[in-house]
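Note sheet for the following structure.
Computed from the coordinates by the stated procedures, all read-outs in this text should not be read as laboratory data. What you are looking at is a predicted structure, and each value in this text was computed from that prediction instead of being measured.
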Amino acid sequence: MLEPAVREERTGWRDQSISQRHRLWGFNCPAVDLDFLVVEYNVGKPVAIIEYKHHGAKYPDWQHPTYRALISLANVARLPFMVVFYHNVDWWFRVVPVNGHAKKYYEHWQGMTESEFVASLYRMRRVVLTNEIADKLHNVKPPGD
């Protein structure tokens, strides 16, 4: 079992209630409610915006206002923005680079092992993935790759 390298969720307060409540605020107060949106960062500076989606999730509609807002945010910040589909048993990944900054790092629908994907996140940060961490990662390619 992979031991956590970062802190576990400590408070347990995150829930669906704020998402549901926000919907009562009306049509003219839209917000982004995504699967698992993260800002990858290094030494307090953002390096990428990633939305992680389960491998069975629907492919995004880039014209939807949610994605247009995220693309705009990433472009203004000059950050790579990608959607990453993952398999949570074999731990493989498919990367969809959304903006030009992400296309410098990834090809469209690029299949990667967990080891390859994590190494790419380290490269983005300009640091090297240690063997201690690399040895804990899976090396299964997505089907068809």
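General remarks:
- Full-stretch length increase - Asn75, Ala31 - with 0.36 nm per residue and alpha-carbon distance subtracted: 14.0 nm
- Among Asn99, Asn88, Asn75, the residue with the largest mean-square fluctuation in a Gaussian network model of the chain, with springs joining Cα atoms closer than 10 Å, is Asn88.
- Largest GNM mean-square fluctuation among Ser115, Ser72, Ser19, using the chain with Cα springs under 10 Å: Ser19.
- Candidates Ile71, Ile18, Ile133, ranked by Gaussian network fluctuation over the chain, Cα under 10 Å, top entry: Ile18
- Interchain or long-range residues, amide H under 5 Å from Gln110's placed H: Val95
- The lysines whose alpha-carbon is closer than 18 Å to the alpha-carbon of Lys141, local same-chain residues fewer than 8 away aside, are Lys53.
- Ala48 long-range amide H proximity, modeled H, under 5 Å: Glu40
- The alpha-carbon atoms of the chain define a convex hull whose volume equals 150 cubic angstrom per residue.
- Rounded to whole Hz, the Karplus (6.51, -1.76, 1.60) HN-Hα couplings of segment 115-123, x for glycine and proline: 4, 5, 5, 4, 4, 5, 5, 5, 4
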